[in-house]
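The values are calculated or read from the model by the stated rules, or taken from the named source; none is laboratory data. If you're wondering where the values come from, they're calculated on a predicted model, not measured in any experiment. Counting neighbours? That spans all protein chains shown, and the Cβs are built from the backbone with ideal geometry, glycine included. Only protein heavy atoms, including side chains, enter the accessible area calculation; ligands, DNA and RNA are left aside. Shrake-Rupley method; radii C 1.70, N 1.55, O 1.52, S 1.80 Å.
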Amino acid sequence: FGIAKDDFSGDLAELTARAIHPEDRAEVERVNRAVITDRKHSSIEFRIVRSDGSVRIGRAEAGELTLDQDGDALMLTGIVQDITERRLAERAMAESEERYRLLFDHMLSGLALHEVIVDASGKPVDYRFLSVNAAFERMTGLRAPEILGRTVREVMPEIEQSWIDRYGQVALTGQPTSFENFARAMNRHFDVRAYCPRRGQFVVVFHDTTEQKQAQQRAE
């Protein structure tokens, strides 16, 4: 709290007035009263303003409430933790995830995250759509609300087993792969890169090369 022990009377109201952010004081006082008068314990987070102007984030947990012979509150124990770094880390993570999401959504390449589905023997038999970007939707004609959470065999029953085998190996071994292939289900050619972000999952990044292939065939 930034208050020296010798400079503190021990009074909770003084601590609240001296160190709790003005916008958080009313809620802190309400929670304190609820513990003492209503025996309702709840945790609370609040900002601590130190004498040097720095601001920290505290999290308080009320502990044991000792009563006198008449049943009135006599003493309350509690713990306050400084969770500033934790909250800053969470904020940084959220901002990082938002930047990733923006990049993910605005990539020109199609990108999709899947989880592989295996049978009792461990052989890949299907995979499930977990996330796709806008370019994926444009290139394939498949819309996220219609496919997320569903398997590829549900979405495209005519999918070739070779695609499932190839992606399953990436998801189960962690070895990336790249190839060109023709997807009969969509009648399109794709240049594909696939890698494993975690065991059992794979990410596919691909470009539609149909026009280039057709132009090459016409030239030949």
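Of all accessible surface on the stretch 119-164 at a 1.4 Å probe, what whole percent is carbon and sulfur?
Answer for the stretch 119-164 is 53 percent, counting heavy atoms of protein chains only.
Would you calculate a helix-derived [θ] at 222 nm for the chain, using -39,500 (n - 2.57) for each DSSP H run of n ≥ 4 and dividing by the full residue count, to the nearest 500?
-11500 deg cm²/dmol
Please work out how much length the chain gains when fully extended from ILE36 to GLU154, using 0.36 nm per residue of separation minus the C-alpha to C-alpha distance, in nm with one decimal.
36.7 nm
Give me the accessible area per residue for the stretch 129-179, probe 1.4 Å, as a whole number in Å².
About 48 Å² of surface per residue is accessible.
Within straight cross-link reach of LYS40, meaning Cα distance under 30 Å, which lysines are found once same-chain residues fewer than 8 apart are removed?
Once the sequence-local lysines are set aside, what remains near LYS40 is LYS5.
For LYS5, LYS213, what's the largest-to-smallest order of accessible area, 1.4 Å probe?
Descending order: LYS5, LYS213.
Report the FRET efficiency, 1/(1 + (r/R0)^6), for GLU97 and ALA215, where r is their Cβ-Cβ distance and R0 is 45 Å, rounded to 0.05.
0.70
Quick check: Cα centre of the stretch 200-220 to Cα centre of the stretch 2-65, how many Å?
62 Å
So which aspartates and glutamates pass the test for LYS213, namely a Cα distance under 12 Å, with those fewer than 8 places away in the same chain ruled out?
The qualifying aspartates and glutamates are GLU180, ASP191.
Which one, (i) 0.97; (ii) 1.07; (iii) 1.29, gives Rg/Rh (Cα atoms, Kirkwood Rh) as derived from the coordinates shown?
From the options (i) 0.97; (ii) 1.07; (iii) 1.29, the structure gives (iii).
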